[in-house]
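Have a look at the structure below before the remarks.
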Amino acid sequence: MAENKRVTYLIGAGASANALPVVNNMNDRIELFINRIGSKDKDNRDRYIFKSNTVENPLALFKEIKDHYTIDTLAKKYFLKYSSEENTAYLKNFLASYFYFEQVDNQKDSILRFLMAEAIKNKPDDSDKIKDLYLMVNKNLDYRYDSFYAYYLQKLSGINHLVLPNEINIISWNYDSQFEIAYGRYCSNNETLTDIQKKLQVYPNQQGANIDEKNSCIIKLNGSATFRSDIGLNKDDTDLLNTKPITSFLSNLSLIVNNKEEINRTNIKFAWENDTESIKAREIASKILARSDVVVVVGYSFPSFNRNVDRQIFQIFNENYNKQLYSNAKRKIYIQDTENNAPKIKDRLKAVGSNLFDVAEIYDDVDQFFIPPEL
């Protein structure tokens, strides 16, 4: 690897698209999750895991999700509209549960197979679409994360685990656990999610621990769609890497979510929230980008509702260019997305920083995460 070339990956939802849904197909997948967690009690009444005064069950919440461009915009609406945090907290609980469902091994879930058979029976003309939907739910990891690690991970003397080079950093808008799950497949022991976040220097993390900013790290601007370790569930029920079957998790989850002693039980921290960890995550992201020579944007579209945060974290990167601290040849942004999307994403950089568009190039092969030629 070339010396002193500091590369930062800026990750968006498209980076996980081979395993997790993006905006245009998320509603179908959420509806499948709701069907999976819905059930009948002994009196044949509907029983759902999530209940509150304002979001009575997942069907009501799902209706609101469909009325908004993304779940993030609905969360921002709750944040702005209600003085109480209850609505936002229940949405976070739902999101964490949904992403757990998407990222565990569902292949042995007999109820999912039953739901697929029933759906095909009711809509035989849509059988191929229904099969594709269930097939995607059974893919809990986007294969590109595996090849990313195959290229970058190193064995270093004096360190008993694989590490990313200090020149490689990751800033993610995703609250999924794809980086952690993929790294877990390179570990010889039954590592927990907490263990892996510590080794990868994920921030914010399960333990609320600080990180060494001089070394490689993964900054999650929206936190993680995982459950806090202090909520009372057995760690095997909440650890994506060493989990029991989904049925065990769902049966225990209802006891936790309906407990009113604490409302929010997740590690999701939307970037526009102003708790201590969210503020610090943005500050670290800004420092990382400020000292980056190359930024690789993978599957992130710079949406307008994230613009203020994007401007904040790119501010020093942009100012350093203005001060001619870096030449055009040294500072580079690569936009990796599909042929149709990449030019639009590049154009949106103009709203984030005046010079970002000028140093950006398009790379429209999305089969693997882009490895910059500067390395």
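In the complete set of protein chains, residue-level accessible area for Tyr203 is approximately 10 Å², probe 1.4 angstrom.
Ordering 363-373, 131-141 by mean Cβ neighbour count within 10 Å, with the highest value first, yields 131-141, 363-373. Ordered by solvent-accessible area of protein heavy atoms (1.4 Å probe), largest first, the residues Cys187, Cys217 come out as Cys187, Cys217.
The stretch between Asp125 and Lys155 holds 5.6 nm of extra length on full extension. This uses 0.36 nm per residue minus the Cα-Cα distance. Entry note, the range 331-375: relative contact order of 49 percent, from Cα contacts under 8 Å with a spacing of 6+ residues.
Heavy atoms of the protein chains alone define the surface here; on that basis the range 54-164 has 54 Å² accessible area per residue at 1.4 Å probe size. Per-residue SASA remark: Lys199, around 60 Å² accessible (1.4 Å probe; ligands, DNA and RNA not included).
Cross-link pairs exceeding 19 Å between alpha carbons, from the set Lys5/Lys214; Lys139/Lys198; Lys280/Lys346; Lys92/Lys139; Lys139/Lys220; Lys287/Lys332: Lys139/Lys198; Lys280/Lys346; Lys92/Lys139; Lys139/Lys220.
Centre-to-centre separation between the Cα atoms of the range 170-194 and those of the range 209-225: 12 Å.
The values are calculated or read from the model by the stated rules, or taken from the named source; none is laboratory data. Source: prediction; values computed, not measured. Don't worry about glycine lacking a Cβ; one is built from the backbone with ideal geometry, like all the others, and counts go over all protein chains shown. Protein only, heavy atoms only, side chains kept; ligands, DNA and RNA dropped before computing areas. Shrake-Rupley method; radii C 1.70, N 1.55, O 1.52, S 1.80 Å.
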